[in-house]
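Bear in mind these aren't lab numbers, they're just calculated from the coordinates by the rules spelled out. This one's a predicted model, so the numbers in the text were calculated from it and none came from an experiment. Here the Cβ positions follow ideal geometry from the backbone for every residue, glycine too, while neighbour counts run over all protein chains shown.
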Amino acid sequence: MSWLKKTFSSSIGRKFSMALSALFLLLFLLQHFVINFSSVISADAFNELSHFMGTNPLIQFVMQPILMFAVVYHFVMGFVLEAKNNAARNVKYAMYKGGANASWMSRNMIYSGLVILGFLALHFYDFWIPEIAHKYVRFEEPDATRYYGELVEKFENPMRVALYVLAFVFLALHLTHGFQSAFQTIGARSPKYFPFIQKFGKIFAIAIPAGFIFIAIFHHLTA
Amino acid sequence: MKLKLKIWRQKNANDKGKLVDYDIDGVSGDMSFLEMLDVLNTQLIEKGEEPVAFDHDCREGICGTCSLFINGEAHGPDRLVTTCQLHMRKFNDGDTIYIEPFRAKAFPVVKDLVVDRSAFDRIQHAGGYISVNTSGNTQDANAIPINKEHADKAFDAATCIGCGACVATCKNSSAMLFVSAKVSQFALLPQGKVEAKQRVLNMVEQMDKEGFGNCTNTGACEVECPKGISLENIARMNREYLAASFTSNT
C-alpha cells in the first residue's frame, strides 16, 4: 500500500484529506445546529434529540470516534501544512500586499482556526467532558430530561456567552473561505455549479454561526 | 517624475543581501518599468557602481523571463501584465517603490533581483510534454477531432509563460497554478490523454520535491498571473492526480 501512503503524503493528498475532514465537520456542524435550535422551540424536543444522540450506540461508538478523529486530524494537518508553507519562503518580503489579491479570511485560516481550537477547549470543558464523566466514569443512571437544564445553565454567565459569540464570529470567517475551498480542493469545480457552491457557502458560513449566536443569547436572556 | 527606489541588492547566492536606497529623476510615464531600471543602471555605471542585476528578455510580455516583486505585488500593481509591460504612469511623482526578487525557497536568489527558476524546468522535464515520434510520418494534428470547449481551455492553460508570479505572490509559495496549467493543457487534448496519468503523478511528485508550499485556495495566484490562468486548472489537476493515484498501474 505504499502508493496510498505516497498519495496522502503528497501536497494534493494532504489537501484532499483536509478537505474531506472539513466536509465531514460541515455536516456535523449542521446537525449540531439543528439539534441546538430545537432547544429554542421546545425543551422536550431538545431533551429527546440529545438523549437519542447520547445513547444511540451507532452515534456513540461509530460516529463519535470518527468525529474525534476528523477534528484532531483537521487541526493537526492544518498546523503541519502551515509549518510547511512557512518553510517554503525562508526569506520574507520587505513589502507584501496580501490584501491586494486575496481575502483576509483566506490568508488567515490558521488564526481563525486557532480561535476555534480555543473555543473547543472551553466547549469540551463545558459540555463534552461532563457528559463523558456522567456516562462512562460515574456510570450515572440515564436521565432523558437533564439536557435542557444543563444547556440553559451554561448560558447564564455573560462572559461565557461573550466568548461563544466571539468564537462563532471567527467560525463564520473560517467557513467563508473554507466551505468553497473544500470543494475546490476535491476538484468539484465546474462553471455550471461552482458559483452556486460559492454563494451557498457564504450563506452557510454566516447563517449557521449566527444561529448558534442566537441560541446562546436567547438562553441567556430567557433563563 | 522623481522616485525613491528601495532595491534588493545581493552579491551572490551566499550573500545575506539588503535593501539599498536609490533616488532617480526624470522618469517618464511612458517608460516601462524595466526601461526605468535601465536608466538607473546607466547612472550607476557612469558613477562606477555595480548595476542592478535583473532578468529580462523579450520585453513583449510573452517570454516569462522578467519577474520582480514591486511594492508588495508580483509584476507590480497592474493586472494581466508582466513587469516589462508595466508602465511608469502607474506610479506618482515622489513615490517610494520597493523592488524585490520573487521569493521562495525553491527560487533561490542568484544575484540582486535575479532568481533561479529552474525548478519549473525540472517539473516540466518530469512530464510536461507528449511523446511523439518525429520520423516524418507524424499525424496532422488538425486531422484529430477535438471538442471546441476543450481546445479553448487547453489553449488558455497553454498561455502560461512560466514566469513564477503565482509562486511569488502565494503566501505559501505554492506552484500549483503553474503545474496545473501544464497538466491541463495536455489532459484536455486527445494527444495528451495517453500519458495523462503518469504525467500528473510525476509532475506533482517533482513539484513537492522542489520544496514549493501547499495551495490553500486564496486565489492570489489567479489575480496576479499575467496570463489570467484560472483556478479551474488547479481543481482539474487535483481531480487528475487523485484519479491517477487510484487507477494507474504504477
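Stokes-Einstein at 10 °C, 1.306 mPa s, Kirkwood radius from Cα pairs: D for the stretch B:3-111 in µm² s⁻¹?
Reported coefficient: 111 µm²/s.
Counting only other residues whose beta carbon sits under 13 Å from that of A:P195, what net charge do I get with K and R as +1, D and E as -1?
Local charge sum for A:P195: +3.
Which net charge results when you count Lys and Arg as +1 and Asp and Glu as -1 among the other residues whose beta-carbon is under 14 Å from that of B:I161?
-2
Between A:A162 and A:K202, what length comes free when the chain is fully extended (0.36 nm per residue of separation minus the Cα-Cα distance, one decimal in nm)?
Taking 0.36 nm per residue and subtracting the Cα distance, the gain is 12.1 nm.
If you count, for every residue in B:220-228, the Cβ atoms of partner chains within 10 Å of its Cβ, what is the mean?
2
How far is the Cα center of the stretch B:131-189 from the Cα center of the stretch B:192-250, in Å?
Between the Cα centres of the stretch B:131-189 and the stretch B:192-250 lies a distance of 11 Å.
Could you work out the relative contact order of chain A? I mean the mean sequence separation of Cα pairs under 8 Å and 6+ apart, divided by the number of residues, in percent.
Here the relative contact order equals 30 percent.
So for the pair B:I24, A:I110, with labels modelled 7 Å out along Cα→Cβ, what separation do we get in nm?
About 3.4 nm separates the two model spin labels.
Alpha carbon centre of the stretch A:34-56 versus the stretch A:144-223: separation in Å?
Between the Cα centre of the stretch A:34-56 and that of the stretch A:144-223, the gap is 18 Å.
Mean residue ellipticity at 222 nm from the helices of chain A, using -39,500 (n - 2.57) per DSSP H segment of n ≥ 4 over the full residue count, to the nearest 500 deg cm²/dmol?
-24500 deg cm²/dmol
Could you tell me which residue out of A:M159, A:A94, B:G61 lies farthest along the dipole of the protein assembly as shown toward its positive end? Charges go on the beta carbon: Lys and Arg +1, Asp and Glu -1, centred on the Cα centre.
After comparing all options, I get B:G61.
Roughly what angle does helix A:158-185 make with the longest principal axis of chain A, taking Cα atoms, 0 to 90 degrees, to the nearest 10?
Value to nearest ten degrees: 40.
Suppose each label sits 7 Å from its Cα in the direction of the beta carbon; what would the A:Y125-B:R89 distance come out to in nanometres?
In this crude spin-label approximation the distance works out to 6.1 nm.
Lysine pairs in the stretch B:162-250 with alpha-carbon atoms under 19 Å apart, 8 or more places apart or on different chains: how many are there?
Lysine pair count for the stretch B:162-250: 6.
Top mean-square fluctuation among B:G76, B:G29, B:G162, Gaussian network model of chain B, C-alpha springs under 10 Å?
B:G29
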